[in-house]
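Worksheet: one structure, shown below.
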Protein chains: 2
Amino acid sequence: MNQKIRVGIVGYGNVGKGVELALSNTNDMELVGIFSRRDISTLNSKIGKPTFIHYDNIYDYEDKIDVMLMCGGSATDLIEQCPYVGKKFNIVDTFDTHAKIPEYFKTVEASTKQNNKLSIMSVGWDPGMFSIIRMISQAILPNGKDYTFWGKGVSQGHSDAIRRVKGVKNGIQYTIPIQSAIQKVRNGEQPQLSTRDKHLRECFVVLEQDADKKQVEHDIKTMPNYFADYDTNIYFVTEEELKENHSKMMHGGFVLRTGTTGNNKHIIEYSLKLDSNPEFTGSVMVAYARACFRLNKEGHVGVKTVLDVPLSYLSDKSYEELISTLL
Amino acid sequence: MNQKIRVGIVGYGNVGKGVELALSNTNDMELVGIFSRRDISTLNSKIGKPTFIHYDNIYDYEDKIDVMLMCGGSATDLIEQCPYVGKKFNIVDTFDTHAKIPEYFKTVEASTKQNNKLSIMSVGWDPGMFSIIRMISQAILPNGKDYTFWGKGVSQGHSDAIRRVKGVKNGIQYTIPIQSAIQKVRNGEQPQLSTRDKHLRECFVVLEQDADKKQVEHDIKTMPNYFADYDTNIYFVTEEELKENHSKMMHGGFVLRTGTTGNNKHIIEYSLKLDSNPEFTGSVMVAYARACFRLNKEGHVGVKTVLDVPLSYLSDKSYEELISTLL
């Protein structure tokens, strides 16, 4: 049996816990430690007894960990941590701030190359699996148009936005793809779809005592960027109802491409229906951690994305088994 | 502008014509010639004026063609032609005889390595796109089960089998996935499905004059391997009806994987709905020809499959454009 791949988790929020769970389902990987900036005496695992280590001591593990799984948020954590951690370790992250991807790529590349490490960036389902599907589908059907729909699922950013509204005690937001729009795409109609045509937003809101319901409703529906361009339905619920019915972090979505060859029409559709967004994201990261380790061992350094990784590197099965059972 | 990739087509049946059509939609590839074992004076293109060349003269093109697209059938053509053509050219093929894949891999590898050429084998949609989806999905959700359904679509092999039955003048067979079975999978039930549970077969048959209808029906329905294990519906039609309503080579199918992380369920679904099986297959081959050329230029030789090719190699777009628009 080969040596196991030694893995660390950086950041112990929902995605970090998802990675921990996914690692417990592998035979070829070993969780060495979980790094956090919080007081580590306050941290607990629901599924095992991992070693918690303060983030400040991460460089002490330079020779003890093969790949670090970076589980912080894109907005502030990854931008700061990945260049720092990537100097000493192979890393996998879920960076998803679209507009900043090219710039972030260069920053992380400069860092990982210093000690011949490799980063695989923007791993997950979007960016990630959906990027792969968009990439292949465009290459195969150059005469066509593709569409991405998200949901039904919880948007953390929009839920946060609701909770900042005056009079709101708690709340959650679901992004919902509009079925009639998906159906038009499936029919190969290649419709032009506005933001409002593709998704609607559903909010479940718990009010503060004495809050002005009408005002809250107005403030949410007219919020620029988040809600103004969408049809938004607001439902007022109690704190208990919110906890009982709306605490699952479900998500998912659809990527479709329709295109033609000569007079013939073709439709490619990929969809995900996920009970737990962070656990699925963690599972994708773990598969790419395996690839990251192997590619680095073969001499690859710098930054790669899901568009660069040969897919067989994701699996713990032998190449012979893959081509005889999966091809 | 870079030099265009110089491509040849070997075999001018339905897939060869699909490749010709797909090439006409590229900007970075050029069709140098179409090679056939038939009398080339009898060959005609519906979309352009390609150069037809007899297969016997293929080695004369050694320095004039970068990649040969091998468009013969798996059963007899590819097994013979790919080792021969692969000695002098990079090749892409659609080899799909599952049981023989490992053996075929070795034969072609021995041939291509002689002159540092590269083959990408078993390209298309199954094997091909479906293999990619099965591969990624298993790696991400190791606790799960996957399912492949084919259709609705025309099966060439089963149509040929019908036409060999005594009393049958002409006929076509559709493989149809059973929707209730797909629905069970989509619900995450992970059902055990027999051959009969997954697909049914629909035959449209033109009888010879004075044929024994009952006997034909019996002979088809009880044919081992092809029909005996399935529910089969037979419809008798006229030659005109067959031509009018059943001459499209539509196909497609579904790959699903359902799995769990902890207590949470996840469903991955990929589907294709293709008006023309050979034109879509040809389009996939053309994208992999691009990858084959590039990989060989970088020094890769021997045999690769869709599980080995980094996806960005399929596209004619720059890497910068891919990561900023597709990731």
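The values are calculated or read from the model by the stated rules, or taken from the named source; none is laboratory data. Because the structure is a prediction, the values reported are computed rather than measured. With ideal geometry, Cβ positions are generated from the backbone for all residues, glycine too; neighbour counts draw on all protein chains shown.
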Item checked: Residue identified as in contact with a strand residue (DSSP E or B) (Cβ under 8 Å, 6 or more places away or on another chain), over 20 Å from B:Leu307 (Cα atoms), modelled with pLDDT of 95 or more and assigned by TED's automatic domain parsing to the domain that holds B:Glu298 among B:Val85, B:Val92, B:Val108 -> B:Val85
Next item on the list: Answer yes or no as to whether A:Phe35 is surrounded by fewer than 21 Cβ atoms within 10 Å (Cβ to Cβ), aromatic (Phe, Trp, Tyr), over 14 Å from A:Ser111 (Cβ atoms) and away from chain B (no Cβ under 14 Å).
Entry: no
Next item on the list: Look at A:His251 and say whether it is crowded, with 17+ Cβ neighbours inside 10 Å and touching a Phe, Trp or Tyr at 6+ places or on another chain (Cβ under 6 Å).
Entry: no
Item checked: First in region B:311-327 and in contact (Cβ under 8 Å) with a residue 60 or more places away in the chain, second anywhere and assigned to a helix (DSSP H, G or I), Cβ under 8 Å, 6 or more apart -> B:Asp316/A:Ala139; B:Asp316/B:Arg290
Checklist line | Matching residues, region A:153-196, being farther than 27 Å from A:Lys214 by Cβ and part of a loop (DSSP other than H, G, I, E, B) | finding: A:Asn187, A:Gly188, A:Glu189, A:Gln190, A:Pro191, A:Gln192, A:Leu193, A:Ser194
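Among residues belonging to region B:122-131 that are out of contact with any helix residue (DSSP H, G or I) (no Cβ under 6 Å at 6 or more places or on another chain) and not in a loop (DSSP other than H, G, I, E, B), point out the one that is farthest from B:Glu279 (Cα to Cα).
Of all residues in region B:122-131, those out of contact with any helix residue (DSSP H, G or I) (no Cβ under 6 Å at 6 or more places or on another chain) come to B:122, B:125-127, B:129-131.
Those left that are additionally not in a loop (DSSP other than H, G, I, E, B): B:125, B:129-131.
Details: B:Trp125: 11, B:Met129: 15, B:Phe130: 17, B:Ser131: 19 Å.
Among residues in region B:122-131 that are out of contact with any helix residue (DSSP H, G or I) (no Cβ under 6 Å at 6 or more places or on another chain) and not in a loop (DSSP other than H, G, I, E, B), the one farthest from B:Glu279 (Cα to Cα) is B:Ser131.
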Check: When the residues of region A:296-327 are filtered to those that are more than 9 Å from chain B (Cβ to nearest Cβ) and among the small types (Gly, Ala, Ser), which remaining residue is nearest to A:Gly13 (Cα to Cα)?
Finding: A:Gly302
Next item on the list: Could you tell me which of the residues A:Phe280, A:Phe293, A:Phe236 is at pLDDT 95 or above, at the interface with another protein chain (Cβ under 8 Å from one of its Cβ atoms) and more than 30 Å from B:Asp275 (Cβ to Cβ)?
Entry: A:Phe280
Check: If you take the residues in region B:4-29 that are over 25 Å from B:Thr76 (Cα atoms) and out of contact with any Asp or Glu (no Cβ under 9 Å at 6 or more places or on another chain), which one is modelled with the highest pLDDT?
Finding: B:Ser24
Item checked: Sole exception among (1) buried (at least 17 other Cβ atoms within 10 Å of the Cβ); (2) within 12 Å of another protein chain (Cβ to nearest Cβ); (3) without any contact (Cβ under 8 Å) to a residue 24 or more places away in the chain for B:Asn187, by number -> (1)
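Among the residues of region A:152-170, is any within 14 Å of chain B (Cβ to nearest Cβ) and farther than 25 Å from A:Leu272 by Cβ? It would help to see each step written out before you state the result.
First, pick out the residues of region A:152-170 that are within 14 Å of chain B (Cβ to nearest Cβ): A:152-154.
Now narrow it down to the ones that are farther than 25 Å from A:Leu272 by Cβ: none.
No - not one qualifying residue is present in region A:152-170.
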Item checked: Filtered residue count, region A:86-102, keeping only those that are surrounded by 24 or more Cβ atoms within 10 Å (Cβ to Cβ) and under 23 Å from A:Glu279 (Cα atoms) -> 6
Note to self: When the residues of region B:291-303 are narrowed to those that are in contact with a helix residue (DSSP H, G or I) (Cβ under 7 Å, 6 or more places away or on another chain) and surrounded by fewer than 24 Cβ atoms within 10 Å (Cβ to Cβ), which ends up nearest to B:Tyr104 (Cα to Cα)?
What the structure shows: B:Gly302
Check: Of the residues that sit in region A:256-277 and are surrounded by 20 or more Cβ atoms within 10 Å (Cβ to Cβ) and more than 8 Å from chain B (Cβ to nearest Cβ), which one is nearest to the chain's Cα centre (by Cα)?
Finding: A:Asn277
Notebook entry, point to check: Tell me, which strands (runs of 3 or more DSSP E) wholly within region B:1-120 include 3 or more residues that are farther than 29 Å from B:Lys317 by Cβ and free of Cβ contacts under 8 Å to residues at least 60 places away in the same chain?
Noted result: B:52-54
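Any idea how many residues of region B:84-128 are aliphatic (A, V, I, L, M) and over 29 Å from B:Ser271 (Cβ atoms)?
The first filter runs over region B:84-128 and keeps only residues aliphatic (A, V, I, L, M), leaving B:85, B:91-92, B:99, B:101, B:108, B:110, B:118, B:120-121, B:123.
Right, trim to over 29 Å from B:Ser271 (Cβ atoms) and you get B:85, B:91, B:108, B:110, B:118.
Count: 5.
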Next item on the list: Hey, can you tell me all the residues within region B:156-213 that are more than 19 Å from B:Glu239 (Cβ to Cβ) and of a type in the set (Asp, Glu)?
Entry: B:Glu189, B:Asp197
